[in-house]
Amino acid sequence: MSRIEELAMAAGFEGEAVLVGSAARGTWLSGDHDLDVFIGVPEGSSLLPALEVARLVAPKFEERYAEHAYVHALFDGFEVDLVPCYMVEDASEIISAVDRTPFHSRYVSARITGLEDEVLLLKQFMKGIGVYGSELKVGGFSGYLAELLVIRYGSFVGVLEGASRWRPGEVIDLEGHLSRSHEDPMVVVDPVDPGRNVAAALTLDRMFTFAAASRLFLREPSLEFFFPLPASPLTDDELRERLAERRSTLILLEFAAPDLVEDVVFPQLRKAEQSIRALLERGGFSLLRSDADCHRGVAVPYGCQGEISPSEGGGVLRILLELEVAVLPRVERRFGPPAWEEDHAKKFVESHPDPLSGPYVEGGRLVVEVARRFLGAEDLLRSQVAGLSLGRHLGPSLRRGYNIYMGEEILEVKDPEFRIFIARYLSARQKVG
């Protein structure tokens with residue numbers, strides 16, 4: 001922080017370094033080596049000089065972009081986000097979203113004294129059950145939200161007791177500010193910015209994973225909630241055994257990930273997952289479940305099917321789909337309009353000039369039986385996937401090349417990140433009851 005202010009002075013502009021986040025409040029988890037330092041400038045001035053200073057603080061850095069540009073740097077073994085912001089007088093006057101963060105720090109710091117350990121217990125509990133983090137990949141509880149919950153309920157156990165009674169639409173308003181309606185699963189009105197829901201990123205599933213785990217912990221306390229056994233990569237024999245147990249069909253689609261931050265990639269990855277599910281369901285295939293992940297530290301397989309292109313540092317995206325059956329019969333029934341709707345019935349019959357059977361009437365509607373175009377899920381996927389709406393960045397990436405593995409072909413994917421991912425998928429076990 002001294003280095004920032006020295007550089008600002010040398011550059012001839014008025015800049016103030018402010019430590020924010022959990023490090024400023026004594027509520028960071030052991031092992032976390034990330035800091036948030038804001039570089040505040042007066043209202044009405046430009047943020048560019050602050051960004052220039054941020055680029056000079058550490059030799060190792062990369063520029064990132066949220067609402068505006070900031071610097072992610074490595075400094076003395078810590079990851080540090082150096083974020084330009086405006087030092088406004090009141091939270092109602094913020095110019096960009098980051099400007100409210102110093103107000104968050106002041107609000108929590110004034111109320112958290114003596115409760116720091118309660119926050120640490122809550123954060124570690126949330127981390128242990130997989131609901132900590134407001135990034136889009138997780139959809140869970142932010143650190144600031146965890147702190148507000150401790151302020152609201154008074155202790156770690158108090159939060160668990162409160163969560164045990166939560167219902168969809170739960171509202172927490174510490175300052176009695178509620179001034180507009182929200183439709184999120186949970187609403188925690190930001191005490192320094194009443195129009196904002198602190199829990200906006202929290203999904204319904206993560207909310208009630210936490211609520212169910214809270215009830216279970218209160219009945220049967222265990223350190224395993226805080227420090228679960230880490231998932232181990234499945235060996236070939238273990239994976240082969242799991243696949244044989246399920247007797248379903250797994251399909252894995254993988255392609256190069258664009259070199260973008262996860263909060264840009266993950267919404268598009270979930271959209272791609274849903275688009276592929278819809279394609280298979282339209283083709284008559286019934287899905288049990290699906291999941292998707294981004295594996296950053298992985299070299300993209302090149303040549304296993306001779307299709308996928310090497311990544312430029314983004315890693316690999318993987319979409320896993322589990323089908324009840326992977327091959328369908330050739331015949332497919334198609335239902336038409338009610339038999340008494342003469343014009344529609346005529347058009348329906350004319351649009352199926354050579355059915356395998358029909359038309360006939362069933363339940364008052366016309367029915368024909370026709371030959372499917374795609375009998376196998378893999379054939380359908382290979383034929384249609386490149387034409388789906390997969391997101392601005394993921395669509396072009398997939399069209400440059402992809403791999404599909406079906407059934408035991410998945411054993412060809414050896415990297416530990418994937419083997420841990422599929423181990424978690426196949427166990428799908430949470431501490432919820």
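The values are calculated or read from the model by the stated rules, or taken from the named source; none is laboratory data. Not measured: the values here are computed from a predicted model. Heads up, the Cβs are rebuilt from the backbone with ideal geometry, glycines too, and the neighbour counts pull from every protein chain shown.
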Scan segment 48-63 and report the pairs whose first residue is assigned by TED's automatic domain parsing to the domain that holds Tyr86 and at negative phi and whose second residue is in a helix (DSSP H, G or I) and among the β-branched types (Val, Ile, Thr), with Cβ atoms within less than 7 Å and a gap of 6+ or a chain change.
Val53/Ile4; Val57/Ile4
I need every pair where a residue in segment 180-197 that is part of a loop (DSSP other than H, G, I, E, B) has its Cβ under 8 Å from the Cβ of a residue that is of a type in the set (Phe, Trp, Tyr), sequence separation at least 6 or different chains.
Pro191/Tyr107; Val192/Phe103; Val192/Tyr107; Asp193/Phe103
Cβ pairs under 6 Å, 6+ apart or interchain, first in segment 270-289 and in contact (Cβ under 8 Å) with a residue 24 or more places away in the chain and of a type in the set (Phe, Trp, Tyr), second part of a strand (DSSP E or B) and surrounded by 15 or more Cβ atoms within 10 Å (Cβ to Cβ), ordered by first then second residue, are Phe285/Leu323
Just name the residue that is modelled with the lowest pLDDT out of those in segment 395-433 that are more than 20 Å from the chain's Cα centre (by Cα) and β-branched (Val, Ile, Thr).
Val432
Since Arg318 meets every condition but one in (1) in a strand (DSSP E or B); (2) more than 30 Å from Lys137 (Cβ to Cβ); (3) of a type outside the set (S, T, N, Q), which condition does it not meet?
(2)
Closer than 30 Å to Thr249 by Cα, surrounded by fewer than 17 Cβ atoms within 10 Å (Cβ to Cβ) and touching a residue at least 60 places away in the same chain (Cβ under 8 Å): which single residue out of Arg334, Arg373, Arg382, Arg400 fits that description?
Arg400
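How about segment 1-67: which strands (runs of 3 or more DSSP E) wholly inside it have at least 3 residues that are modelled with pLDDT of 90 or more?
Details: elements: 16-20, 34-41, 60-65.
Correct list: 16-20, 34-41.
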Candidate set from segment 82-129 (those that are in contact with a Lys or Arg (Cβ under 8 Å, 6 or more places away or on another chain) and not in a helix (DSSP H, G or I)); member that is farthest from Pro42 (Cα to Cα):
Ile129
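Name the single residue, out of those in segment 253-276 being outside any helix (DSSP H, G or I) and acidic (Asp, Glu), that is nearest to Glu63 (Cα to Cα). Before the answer, list the steps.
At the first step, the residues of segment 253-276 found to be outside any helix (DSSP H, G or I) are 253-261.
Next, only the ones that are acidic (Asp, Glu) stay: 254, 259.
Details: Glu254: 28, Asp259: 13 Å.
If we take residues in segment 253-276 being outside any helix (DSSP H, G or I) and acidic (Asp, Glu), then Asp259 is nearest to Glu63 (Cα to Cα).
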Pick out the one residue from Ser389, Ser383, Ser397 that is in contact with a helix residue (DSSP H, G or I) (Cβ under 7 Å, 6 or more places away or on another chain), closer than 22 Å to Ala278 by Cα and hydroxyl-bearing (Ser, Thr, Tyr).
Ser389
Pick out the one residue from Phe38, Phe78 that is exposed (fewer than 15 other Cβ atoms within 10 Å of the Cβ), under 28 Å from the mean Cα position of the chain (by Cα) and hydrophobic (A, V, I, L, M, F, W, C).
Phe78
